[in-house]
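A short reminder: the numbers here are calculations on the coordinates, not readings from a lab. All values derive from a computational prediction rather than experimental measurement. Here the Cβ is made from the backbone with ideal geometry for all residues, glycine too, and neighbour counts use every protein chain on show.
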Amino acid sequence: MRTRNLLAAIGKTVAVAAMLFWSLFPIAFIVMSSLKPGQDIFAVPPRYVFEPTFEHYVSLWQQWGAFFDGLLNSTIITAGATVIAIAGSTFAGYVYSRNSSRMLDASVLFLIVVRLIPPIVVTLPLFPIVNVLGLNDTHAIMMVLYATFFVSLGTVLMRTFIDQIPRELDEAAEIDGAGRLTVLRRVIVPLAAPGILAVAVFVVVFAWNEYLFAFIFTSTRAKTAPLVISEMIGSIDGVDWGILFAASTVQLAPVLLFVVFMNRYLVAGLTAGATKG
Amino acid sequence: MAGLQLEKLEKRFGSVDVIKGVDLEIKDGEFVVFVGPSGCGKSTLLRMIAGLEDITGGTLSIGGARCNDMEPRERGIAMVFQSYALYPHLTVYQNMSFGLTLNKTPKTEIDARVREAARILKLEPLLARRPSQLSGGQRQRVAIGRAIVRQPSVFLFDEPLSNLDAALRMDMRMEIARLHKELGATMIYVTHDQVEAMTLADKIVVLEGGVVQQIGAPIELYKKPANKFVAGFIGSPRMNFLDVRVTGVAGGSVTVESPSIAPVTIDARGFATGDRALLGVRPQYLKREGLDGAAGAVRGSVSLVERLGAETVVSFETASSERALAAIPQDEVFEPGSPVEFRFDPGAAHLFAA
């Protein structure tokens, strides 16, 4: 019995170590490489002990101003998309949670089906439309696109969260004199806050990292940071890997911190509705 | 303060009739209890008055104004829910002041009203707590406080005590009775517990299957039930119903008998000789002695005895294999299996169509 316990413990440790290695190795590799002197980055065998240097970050700042413009664009677009997606998901989730009709129930299925369509299938036909509307290469269109992509999942998520708030609270508030919007603002939103944060995490991560939509719909004014990083690879003077890794680290840091900070809401969002709370 | 009129009030969910034409007049300041078994429509009727359910047909007036289509907030009502429905993210103070802040009552007045309600309900030390930090009884008091603060003309209670344990339920029952006296407001109270109904109500409305079975003062319902349903529902232990045959009719009285019941004459109308009928006698009215020759008598054999100290509940089987109960207001020893005879005052018995 004791050996079996021991084996189980060893097995668990190995499995967790493997998972950690699997997920942390790329991050560690990028961050460490950004701090290595140029000749050490791809040295064989790899060097784990080296003199850290910030030279690549300095070069990034001096040579790639476009990257920091991209970061600013990414920030604006991510923030806007998050606000729109949260507003849309919360309103829609509330409606889905508190009303029931055959049409509504059927439309939930479509919300999920939308997520199954390959993004490129939706994207290309949109291009001429966006052009005609004169919205090409604007922050606004990117916000709307990213938000739209997440409103479906966000709505389903928010419905699950709001379903857990007893309906009597709505009724008590109605009797207390609240209209629908006031019920939503003063009762539902505060109680569904973990759900809103979970949706926020999904949208932020998606919008911050997204490449395909940005590649098609932006060119200069609204170009996001991932696009600039990809340009570094295609640069005519060859790839400066040090700068590339420095840019990747800068790109990675905020979203990594955000996810670590919001971790528990993310888990809450993924498991919402799994058990009756 | 306001009275209510319900005229032919109806509620349909799809093709299901839940409330089938309820007529009811509630006077200003009256304490009315809706009582009935689960699914009888009592909560639905209350929610229709609150404005939480649409009214399918008929008219609802509060304080003389028709309010079928008014929003709940326009009806001048406050409601206490079975689940309390306190806002979990707000403190007791904020829960109670929620409605007042919505209609922009001045801060000083909100504070005065909340503190007054807290004083009445002894909630003062709890004002800064959240609902999760309160016991069930305290939560219910906050829910009542939230209603009081709004100074409504009509209070609605939806089974407010059914989530509390027995001892607390009795305390809160008295508290609600005291509150009614103190505030003098119209109160409508839904319960399936007939003890709550009997002790609190000025007027009880017995509902069954979405239809009003009887409306009246508690004692009136107890002493003069309009039909077998009300007779069986009000009173504990339940009224005995025994099969009898009508052997004679004269004026306003009917003589009945059965193999286990000696011929007895009861005040009743609408029966003809030869009819089958049900004789209703409450267990408390079955006695062993002290009744004269005109009294009815039921014979049977003892099957089960519950000795409660101050009361003995005897379950016995009649000669025609019917089960009946007698509640003797003292401690007494009965031998299971032994023959027993109980007598009853014909004036306390009821006759229902079988």
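Miscellaneous remarks
- For the range A:178-185, putting each phi into the Karplus relation 6.51 cos²θ - 1.76 cosθ + 1.60 with θ = phi - 60° gives couplings of 8, x, 3, 5, 5, 4, 4, 6 Hz, in residue order, rounded to whole numbers and with x for Gly and Pro.
- Distant-in-sequence amide contacts of B:Thr312, defined by a placed amide H-H separation under 5 Å and a gap of 5 or more residues or a different chain, comprise B:Ile328, B:Gln330.
- Cβ-based exposure ranking for A:Leu60, B:Leu304, A:Leu24, B:Leu164, in which fewest neighbours within 10 Å come first: A:Leu24, B:Leu304, B:Leu164, A:Leu60
- Total charge dipole magnitude, chain B, about the Cα centre, Cβ charges on Lys, Arg, Asp, Glu only, Debye to nearest 20: 1060 debye
- For the range A:3-70, the Kirkwood hydrodynamic radius from C-alpha pairs, put into Stokes-Einstein at 4 °C and a viscosity of 1.567 mPa s, yields a diffusion coefficient of 86 µm² per second.
- With Rh defined as the Kirkwood radius, the inverse of the mean 1/r over Cα pairs, the Rg/Rh of the protein assembly as shown is 1.18.
- Here's how it looks for B:Arg288: its modeled amide H is under 5 Å from those of B:Arg343, which are all 5 or more places away or on a different chain.
- Trypsin sites (Lys or Arg not before Pro) restricted to DSSP loop in the range B:261-303 with at most 11 other C-beta within 10 Å: B:Arg269
- Its Cα centre serving as origin, the protein assembly as shown has a Cβ charge dipole (Lys and Arg +1, Asp and Glu -1) of approximately 520 debye.
- Relative to the longest principal axis of the Cα atoms of chain B, the long axis of helix B:92-102 makes an angle of roughly 70 degrees.
- For chain A, relative contact order (Cα pairs under 8 Å, six or more residues apart, normalised by length) works out to 31 percent.
- Proximal lysines to B:Lys20, defined as alpha-carbon separation beneath 27 angstrom and excluding residues fewer than eight positions away on the same chain: B:Lys8, B:Lys11, B:Lys42, B:Lys203, B:Lys223, B:Lys224, B:Lys228
- Cα shape, the range A:10-121, gyration tensor, a/c 1.5 rule: oblate
- Near the amide H of B:Ser253, within less than 5 Å, lie the amide hydrogens of B:Ala268, all on another chain or at least 5 residues away, with H placed in the peptide plane.
- For the protein assembly as shown, with +1 on Lys and Arg beta carbons and -1 on Asp and Glu, the positive-most of B:Tyr285, A:Ser101, A:Val199 along the dipole: A:Val199
- HN-Hα J in Hz across the range A:57-74 - Karplus 6.51, -1.76, 1.60, θ = phi - 60°, x for Gly and Pro: 5, 5, 4, 4, 4, 6, 9, 10, x, 4, 5, 6, 4, x, 4, 4, 4, 4
- Relative pair counts by distance (%), Cα atoms of chain B, 10 Å bins: 5, 21, 25, 21, 15, 9, 3, 0
- Dipole axis of the protein assembly as shown (+1 Lys, Arg; -1 Asp, Glu on Cβ), positive-most option in B:Leu304, B:Phe342, B:Ile266: B:Leu304
- Between helix B:166-183 and chain B: long-axis angle, C-alpha atoms, 0 to 90°, nearest 10: 60 degrees
- If only the Cβ of Lys and Arg carry +1 and only the Cβ of Asp and Glu carry -1, the dipole of chain A around its Cα centre is close to 940 debye.
- In order along the range B:136-142, the phi-based Karplus estimate (6.51 cos²θ - 1.76 cosθ + 1.60, θ = phi - 60°) of 3J(HN,Hα) comes to x, x, 5, 4, 5, 5, 5 Hz; Gly and Pro are listed as x.
- Dipole-positive endmost among A:Ala79, A:Leu60, A:Ala8 within the range A:1-132 (Cβ charges, Cα centre): A:Ala8
- Gap separating the Cα centres of the range B:339-354 and the range B:254-305, nearest whole Å: 3 Å
- Measure of compaction for the range A:65-271 (Cα Rg per 2.2 N^0.38 Å): 1.17
- Of the trypsin sites (Lys or Arg not before Pro) in the range B:1-110, the ones in a loop by DSSP (not H, G, I, E or B) with at most 10 other beta carbons within 10 Å are B:Lys104.
- Helix-derived mean residue ellipticity, 222 nm - over the protein assembly as shown, DSSP H n ≥ 4, -39500 (n - 2.57), to 500: -15000 deg cm²/dmol
- Normalising the average separation of contacting C-alpha pairs (under 8 angstrom, six or more residues apart) by the number of residues puts the relative contact order of the range B:240-353 at 30 percent.
- Mean sequence separation of contacting Cα pairs (under 8 Å, at least six apart), scaled by the length of chain B, corresponds to a relative contact order of 15 percent.
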